[in-house]
Amino acid sequence: MSKKETKKDAKQQSAEQETKEEVVAKESQSSEKETKKDDKKRSYKKKAVSKKKEKKPLTEEEKTFNKRVARGFAIAIISAAVGAGVTYGVQHSGANNDTVLVSMKGSTVSVGDLYAATKTNSANTSVLQNIVLYNVLQAKYGDKVSSKDVNTRYQSTLESLTTYASYYGTTASGYVAQQYGVSLDAFKKYYIRESLLATYALEQAAKKEATDAAMKKAYETYMPDTEVQVIQLSDSDTANSVLSDVKADGADFASIAKEKTAATDKKYSYTVNSSSTDLPSDLLTKIKDMNAGDVSDVISVTNSSTYATNYYIVKVVSRKDKDSNWKTYKTQLTNMIVNEKTNDSAFQKQVVANILKEYNVKVKDSDLSNLLANYTETSSTASSSASSSAASSSSSASSN
């Protein structure tokens, strides 16, 4: 082989080597870029998750409001109706049966046509129920719920909605439109205002049940102020593990509670009595049977609104002696009775039935004769029971 060919081969090998090194370098740079991208994505996701967890804790007043509105006739009537959406006639109050919605060659579709075709649809009957309830509640208690009350509740609800909607990549108005089929203005009127009206109606009716006789009876099982430390957990395995920690010799329950509780506001120390609403009623029942110094086993409580189960471990720190005079606790006993009644579905329906009867509400369309049957039947049953009770009392009096 000649010297020229040898030099040529050497140059060619050198060029190939440089090309390989360039390829390796480029691949390395590309790999570094991808790694940085992945790290950036992971960092972004971590921040997003962290952001999601930073929920603003609800105040005790808001928790109580949400518990009451989420139950009974507030959810059975109001939420069902809002969930169905507000019909054309509600959103366009100037419309009448002859208002044309769609025109075509030789024909039109009017509001009356739409109503006739859809009036018995379950979603629309729910809307109609909502309108009826809103009208009677507004007529009876409208002056008891101010615009300021509504705006205050609306703003706090809007904050929660905005946070919740962001988890789904939308806005509060978008979320409400998707979930409830209404605008924020309609949501404010047909959910917020009506919820406040309904809550007021229910509480007023419940307060009438707090008679001296009822309070004396409630006093028999009343638990006076009790200081407790509570660890709330979301799964049973973790709860059982934490239980082992708190029952170990020398364990500091308060320190463990502060570190381990999964409560949104990280609160673990409470002073409760039988009328308290900041802990589940089922948990209060368990606490009532405990003594100072006792540490409970794991107590599971299922939320009746969300059906989610939480797990609790409780230590009773101290309890005040119960006064022998029931009148000492008159305020608490009243609250206890009101809480019990407002969470009683039969009582809730009866309140609705009484208001409908007071305002002489009658369904004129035979196709909708069962629109309010759930409440009119409740009213009839209650009247029948009252008559039977009166007859029984009269009979007993005669025999005596």
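The values are calculated or read from the model by the stated rules, or taken from the named source; none is laboratory data. Since the structure is predicted, the reported quantities are computational estimates derived from the model, not experimental observations. Cβ atoms come from the backbone with ideal geometry, glycine included; neighbour counts cover every protein chain shown.
Counting only helices (runs of 4 or more DSSP H) that sit wholly inside the range 280-369, those with at least 2 residues that are in contact (Cβ under 8 Å) with a residue 12 or more places away in the chain and within 30 Å of residue 249 (Cβ to Cβ) are 281-288. Residue check: is residue 382 in a helix (DSSP H, G or I), surrounded by fewer than 12 Cβ atoms within 10 Å (Cβ to Cβ), at pLDDT below 60 and not hydroxyl-bearing (Ser, Thr, Tyr)? No: the conditions fail for residue 382. Hey, can you tell me all the residues within the range 100-111 that are of a type outside the set (A, V, I, L, M) and surrounded by fewer than 15 Cβ atoms within 10 Å (Cβ to Cβ)? Answer for the range 100-111, where residues must be of a type outside the set (A, V, I, L, M) and surrounded by fewer than 15 Cβ atoms within 10 Å (Cβ to Cβ): 103, 105, 106, 107, 108.
Here residue 265 qualifies as more than 22 Å from residue 334 (Cα to Cα), modelled with pLDDT under 95 and either crowded, with 17+ Cβ neighbours inside 10 Å or among the charged types (D, E, K, R) (or both). Taken as a whole, the range 275-297 holds no residue that is acidic (Asp, Glu), surrounded by fewer than 15 Cβ atoms within 10 Å (Cβ to Cβ), within 25 Å of the chain's Cα centre (by Cα) and farther than 28 Å from residue 336 by Cβ.
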